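Okay, so here's the structure we're looking at.
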Amino acid sequence: MSHSSRSPRLGTSSSPKLSGRRLSSSNLNTPSAPASREPSPSRRQSAFDLGLPVATNSNSQNQNSSSSETIGRGFTLLKNSIRMSTKRGNRYVLGAALVLSIFGFWHISQTSHGVGSTSSQAGGGSAWNGLGLWPSGAQWGTGPMHSGNVDSSSFVNLDSGNMPETEFVRGVAGFSYFKNLYLANGTFLAITSDPSHIPEVSHIMSAHPTDDNKYPPAGTDRWRVLELGKDDLSALGGVAVRKDGVSMFFNDEKGLKSVSFLKHYFHFIGEVFLGAWRVLTTAGEMELPRRLMYRTSPDDWRDRAALTPWFQQSVMPNTAIEESPIWEDRAKSGMTFIFDKITITDRWAAHQKGIDPWRFNKMTADLLYLDSPFNWMDPLRLSMKRLVQTKGTCSVYRKNKNVPIVLYINRQLTGRRLIAEDAEVLEREMENLDKEGVIEWVNAQMETLSRVDQFCLALKADVIMGVHGNGLSHALWMKPGSAVLEFMFPGGFARDYATVAELMRHDYYAIHNDTVFTKDKWLKEDGWGVGAIQGFHSTSIPLNGKWIASLIRKIAQDKKGMVEP
């Protein structure tokens, strides 16, 4: 056979290119079909020509043939196949003939009772239908088309005159919630008849960090506002692919001299994710996100402890994770996309344009200005609770309804911890309160527990206490109205977990040895927040255990009636 007429490879210069014209038969190089050969007489009647009965729809008499005729044909077929199987090399025909004869029997029996009738499909034939073996009355093109979850709403005609307009729903600097936001060639497009309703880009998104570690507002390669009836929209291609559900886009990325901060679990769960979720809930949206979209590379957002991927895959099992390669693929696709509901989170926009983030160097500080429902964390807590209860090794409920649970995040194996003697006194005092029945005391070194058990303890705790550190992010999973005690080196302060506690409506106590560092002391006279000082991250943080015990006794009395529903 000649090899001179091969079809062109995909991706080579001979492949047809996409353009505005259609491809006709003259545009395509199609290899000619090989000439058919007349089979030799010896092959015309091969061992596979078994004379099987064929059912057709054109002759009703064939469809109504009796079952006795069917059985007779089957036995004749079986007899012929046995006779043929005695020849060397054809014994395998016996097995094939048995299968074919049985199938032929069932097929003809079904058609003789009326193909496609309700009784035949609802009866014994339904099991065979599921395997594709039972004859069906459905003809090609007559049944419904099944296309998964893709339907006509998955695509939007942009030339119809009814283009969905972009709406800015709610937000603060660095946390923005939009409806009907467009994306083309890697650029977000707010398309509206009233651009004045769209915030300034400096409040929404920053550009790639400069070589000297600056984060200017995003340029037109990342963000544009287009006015309907004024700006040319022909470059959008006339059609958009709809991305339904809630999307969360994180614009944070590392530069030459910076990191995105996403490699730390708290900076993800307690800042960028928490802020996006908070903004959604203030607008009445309680649906878990359909997708999380990162601009940065995969190695830049995964934390060393792999707690962030665990949370995403376990607590939000139906949420897709789209990293920078998918972002780049979408930008290069040449298609326009429209996101039904999307949040855009940008750390540097929050720091540069926010009201309070600069005071404490915390991007989430302005979220407290957005009022949300009391149960705004319920969808996430419910998912976490279901995961914990499915494992079944830890109950999320009190042993005694009248005895609150106090969870101590024990950091004595880490680099930031209490003075050893003070830690011993604290544990002894808490054990005494447990024996009295005042509290149920749980002393947990989280790094020694499974993740499911860690989060179970957080779900059922009424009070969490511990030295400043990542473990206090578990306050997110406590029921609203719980209490958080954070032990800090006297004189120093960090607002990370204070903000989490405030957003969750917990009672919050910053503890300096034997004193509560109250909110009126968090700001200095110059307006800046009190920060970490020397000794803040040391192994010698002092704490008066007896004084803590007296405080816990009072808190426990207040939390008696607060039971996990």
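The values are calculated or read from the model by the stated rules, or taken from the named source; none is laboratory data. Just so you know, these numbers come straight off a predicted model, no measurement behind them. In this analysis, Cβ positions are derived from the backbone assuming ideal geometry, glycine residues included, and neighbour counts consider all displayed protein chains. Surface accessibility is based on the protein's heavy atoms, side chains included, excluding ligands, DNA and RNA. Shrake-Rupley method; radii C 1.70, N 1.55, O 1.52, S 1.80 Å.
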- [ ] Being under 40 Å from the mean Cα position of the chain (by Cα), in a helix (DSSP H, G or I) and at pLDDT 95 or above is the filter here, so list the residues in the range 431-451 that pass it.
- [x] none
Task: Among the residues listed as 393, 414, the single one being out of contact with any Leu (no Cβ under 7 Å at 6 or more places or on another chain), closer than 23 Å to residue 476 by Cβ, in contact (Cβ under 8 Å) with a residue 40 or more places away in the chain and loosely packed, with under 12 Cβ neighbours inside 10 Å - done: 393
TODO: Answer yes or no: is there a residue in the range 536-549 that is touching a strand residue (DSSP E or B) at 6+ places or on another chain (Cβ under 8 Å), within 22 Å of residue 368 (Cα to Cα) and either of a type in the set (A, V, I, L, M) or modelled with pLDDT of 95 or more (or both).
DONE: no
- [ ] Just one of (1) touching a Pro at 6+ places or on another chain (Cβ under 8 Å); (2) surrounded by fewer than 16 Cβ atoms within 10 Å (Cβ to Cβ) trips up residue 232, so point out which.
- [x] (1)
TODO: Scan 310, 327, 358 and give me the residue that is open to solvent by 20 Å² or more (accessible area, probe 1.4 Å) and out of contact with any helix residue (DSSP H, G or I) (no Cβ under 8 Å at 6 or more places or on another chain).
DONE: 327
TODO: Within the range 154-175, identify whether any single residue is closer than 29 Å to residue 474 by Cα and surrounded by fewer than 20 Cβ atoms within 10 Å (Cβ to Cβ), and answer yes or no.
DONE: yes
Open item on the list: Among the residues that make up the range 506-515, is at least one of them surrounded by fewer than 21 Cβ atoms within 10 Å (Cβ to Cβ) and either without any contact (Cβ under 8 Å) to a residue 12 or more places away in the chain or of a type in the set (Lys, Arg) (or both)?
Closed with: no
- [ ] Considering only the range 273-380, give the helices (runs of 4 or more DSSP H) lying wholly within it that have at least 3 residues that are of a type in the set (D, E, K, R).
- [x] 324-332
Task: Hey, residue 242 under 29 Å from residue 379 (Cβ atoms), open to solvent by 60 Å² or more (accessible area, probe 1.4 Å), out of contact with any His (no Cβ under 6 Å at 6 or more places or on another chain) and modelled with pLDDT of 95 or more or not - done: yes
- [ ] Answer yes or no as to whether residue 258 is without any contact (Cβ under 8 Å) to a residue 40 or more places away in the chain and of a type in the set (S, T, N, Q).
- [x] no
Task: Odd one out for residue 261 among (1) in a loop (DSSP other than H, G, I, E, B); (2) among the aromatic types (Phe, Trp, Tyr); (3) surrounded by 22 or more Cβ atoms within 10 Å (Cβ to Cβ) - done: (3)
- [ ] Evaluate the range 518-530: report whether one residue or more is open to solvent by less than 50 Å² (accessible area, probe 1.4 Å), of a type in the set (Phe, Trp, Tyr) and over 24 Å from residue 263 (Cβ atoms).
- [x] yes
Open item on the list: Quick check on this structure: which one of 142, 210 is at pLDDT below 55, of a type in the set (Ser, Thr, Tyr) and either open to solvent by 30 Å² or more (accessible area, probe 1.4 Å) or not in a loop (DSSP other than H, G, I, E, B) (or both)?
Closed with: 142
